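K.L.:
Sharing a structure below in structure tokens format, with a few things to ask.
The values are calculated or read from the model by the stated rules, or taken from the named source; none is laboratory data. Here the structure is a predicted model, which means the values were calculated and not measured. All Cβ positions, glycine included, derive from the backbone under ideal geometry; neighbour counts span all protein chains shown. Keep in mind that these areas ignore ligands, DNA and RNA; they rest on the heavy atoms of the full protein, side chains included. Shrake-Rupley method; radii C 1.70, N 1.55, O 1.52, S 1.80 Å.
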Amino acid sequence: MNYQGQIFDHRQPAKTGVLLVNLGTPEAPTAAALKTYLKEFLSDPRVVEIPRLLWWLILRGIILNVRPKKSAAAYAKVWASQGSPLAIYTRAQAHQLAMQLNRDYNEQIIVAWAMRYGKPAIGTTLQNLLDQGVRQLLVLPLYPQYSAATTGSTFDALAKDFIKRRWLPGLRFVNSYHDHPHYIQALTSHIKNHWQAHGKAEKLIFSYHGVPLRYLHNGDPYHCQCLKTTRLVAERLGLGDDEYVTSFQSRFGREAWLQPYTDETLKSLPGQGVKAVQVICPGFAADCLETLEEIAQENRHVFLEAGGEHYEYIAALNDSAEHMALLKELVYENLQGWQLTPESPEQLQRRAERANACQHNQKS
């Protein structure tokens, strides 16, 4: 029996689990829900790397008293009847992946999804997978570019859960896929499809979530991986150096973050004669508040007010066919070498009989 009361049955077939993990979302677009979500998110030392006591005073004394109401208003702009866009798309990705994998692996694989912050929680989802007989677990954080604040934090959550368990599943963990050929192809095809439907703008902006500049100086590879993703996609698209730019969004606080900043880049482009832009956010596996409200809405106003004339946001890969082909390929590659042949009822029965015999001998 493990720490949460799971009882192992020798007749239960061993399964392989695939766990998709994304950042997180509040349960509702309300100030109360945002306060709960932001408290968990911003309390993570991977997310905010400043002395804990100082940050505790800032978080509890200022941020959690001011930001929830503002964030709730922003979430209300993008909230759907089925919930937050991030949850909707992540759920759809897991559902489609499960259907594809089980056609190929004879129902041996259980696909689940979880959020690093909020619900469904990683610990709860792990328990559900283990209760279903998962003995081999592949964890795929949906962050193409590695950062300690995202992918690293996901591993922290796994480790925190695992340290309490007696019997751990075999574990494989995908730490990035920023230059995976199928990822680059998915982005390239996605952009070309948008161009076919809407035409090509003067400049394509690759906007990634920002992190403080000191994270780069401390050894985080995120900045380099973002630049590589951009370079590989631009090469596949045949873009010249003057036809695209990499920028970083969503900064807060007074310290320097990765540059150039997306909003300042958009402000400057009309003055350089660029009147039409398209923006894509390759670091987001699914559309969320940052893409649908900050990029698609706020930054549109920034560009148009600066003198721009045409602004388009190119949606995230979401549950598109190109994206699902990438996720399936990542899973296939990382399942190599694991036993995926289903156990027959006869094998399970013999295993249970041997186990009962061993237990009887121990009692004797």
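K.L.:
Please find, in a Gaussian network model of the chain (springs between Cα atoms separated by less than 10 Å), the residue of 104, 161, 263 whose mean-square fluctuation is greatest.
P.N.:
104
K.L.:
What nm distance separates the two modelled labels at residue 241 and residue 92, each placed 7 Å from Cα along Cα→Cβ?
P.N.:
Distance between the two pseudo-spin positions: 3.9 nm.
K.L.:
Residue by residue, what Karplus-based ³J(HN,Hα) values in Hz, rounded to whole numbers, does the stretch 141-151 have, using 6.51, -1.76 and 1.60 with θ = phi - 60° and x for Gly and Pro?
P.N.:
x, 8, 10, x, 9, 6, 9, 4, 6, 10, 4
K.L.:
Kindly write out, for the stretch 128-136 in residue order, the coupling ³J(HN,Hα) from the Karplus curve 6.51 cos²θ - 1.76 cosθ + 1.60 (θ = phi - 60°), rounded to whole Hz, with x marking Gly and Pro.
P.N.:
Residue by residue, the stretch 128-136 yields 5, 5, 5, 5, 8, x, 5, 10, 10 Hz.
K.L.:
Right, here's the next one. Give me the angle, in degrees from 0 to 90, between the Cα long axis of helix 153-162 and the longest principal axis of the Cα atoms of the chain, rounded to the nearest 10.
P.N.:
In the chain, helix 153-162 runs at an angle near 20 degrees to the longest axis.
K.L.:
When you take every Cα atom in the stretch 128-275, what is the radius of gyration, and what is Dmax, the widest Cα pair distance, in Å?
P.N.:
Over the stretch 128-275's Cα set, Rg and Dmax evaluate to 19.1, 63 Å.
K.L.:
At a Förster distance of 45 Å, what's the computed FRET efficiency of residue 105 paired with residue 306, Cβ-Cβ distance as r, to 0.05?
P.N.:
Working: r = 52 Å, r/R0 = 1.15.
That gives a FRET efficiency of 0.30.
K.L.:
Consider all pairwise Cα distances in the chain and report the whole-number % of them above 28 Å. If you can, show how the numbers build up before the last one.
P.N.:
Working: 32736 of 66066 pairs.
For the chain, the fraction of Cα-Cα distances above 28 Å is 50 percent.
K.L.:
While we're looking at this one, here's another question. Around residue 147, which amide H atoms from residues at least 5 apart in sequence, or from another chain, sit under 5 Å from its own amide H, with H modelled in the peptide plane?
P.N.:
Residues meeting the amide H criterion: 152.
K.L.:
At 1.4 Å probe size, with every protein chain present, just tell me what the per residue accessible area of the chain comes to in Å².
P.N.:
Working: 17390 Å² over 364 residues.
Each residue of the chain exposes 48 Å² on average to a 1.4 Å probe.
K.L.:
Which ³J(HN,Hα) values in Hz, rounded to whole numbers, follow from the phi angles of the stretch 84-95 under the Karplus curve 6.51 cos²θ - 1.76 cosθ + 1.60, where θ = phi - 60° and Gly and Pro get x?
P.N.:
6, x, 4, 5, 4, 6, 5, 4, 5, 4, 5, 5
K.L.:
Report, to the nearest 10°, how far helix 222-237 tilts away from the longest principal axis of the Cα atoms in the chain, using its own Cα long axis and a range of 0 to 90°.
P.N.:
70
K.L.:
Which value results when the Cα radius of gyration for the stretch 208-300 is divided by 2.2 N^0.38 Å?
P.N.:
Values: Rg = 13.6 Å, N = 93, 2.2 N^0.38 = 12.3 Å.
Ratio of Cα Rg to 2.2 N^0.38 Å: 1.10.
K.L.:
Right, another one. Please find, in a Gaussian network model of the chain (springs between Cα atoms separated by less than 10 Å), the residue of 242, 179, 220 whose mean-square fluctuation is greatest.
P.N.:
Result: 242 has the largest fluctuation of those listed.
K.L.:
Bins of 10 Å, beginning at zero and ending with the bin holding the largest distance: percent of Cα pairs per bin for the stretch 72-149, please.
P.N.:
Answer for the stretch 72-149: a P(r) of 15, 42, 33, 9, 1 percent.
K.L.:
If packing is taken as the average count of other Cβ atoms within 10 Å, what order do 135-141, 327-333 fall into, highest mean first?
P.N.:
On the way: 135-141: 22.1, 327-333: 18.0.
By packing density, highest mean first, the sequence is 135-141, 327-333.
K.L.:
A follow-up question, please. Which pairs, out of 70/119; 39/77; 69/119; 119/164; 15/192, put more than 28 Å between their alpha-carbon atoms? It would help to have the intermediate numbers written out before the result.
P.N.:
On the way: 70/119 21 Å; 39/77 22 Å; 69/119 20 Å; 119/164 20 Å; 15/192 39 Å.
Table pairs above 28 Å Cα-Cα are 15/192.
K.L.:
Now a separate question. Please determine, in degrees from 0 to 90 and to the nearest 10, the orientation of helix 64-78 with respect to the longest principal axis defined by the Cα atoms of the chain, where the helix direction is its Cα long axis.
P.N.:
Orientation of helix 64-78: about 90 degrees from the principal axis.
K.L.:
Could I ask something else about it? Write down the radius of gyration of the stretch 29-86 and its Dmax, each obtained from C-alpha positions, in Å.
P.N.:
Cα only, the stretch 29-86: 12.7, 40 Å (Rg, Dmax).
K.L.:
Also, quick follow-up: Determine, from the Cβ-Cβ distance of residue 193 and residue 328 and an R0 of 22 Å, the FRET efficiency 1/(1 + (r/R0)^6), rounded to the nearest 0.05. Kindly include the intermediate steps, with their values, before the conclusion.
P.N.:
On the way: r = 19 Å, r/R0 = 0.87.
So the FRET efficiency works out to roughly 0.70.
K.L.:
Keeping the other protein chains in place, figure out the carbon and sulfur percent of the accessible area of the chain, with a 1.4 Å probe. List each step's numbers first, then the result.
P.N.:
Working: 9280 of 17390 Å².
Of all accessible area on the chain, carbon and sulfur atoms account for 53 percent.
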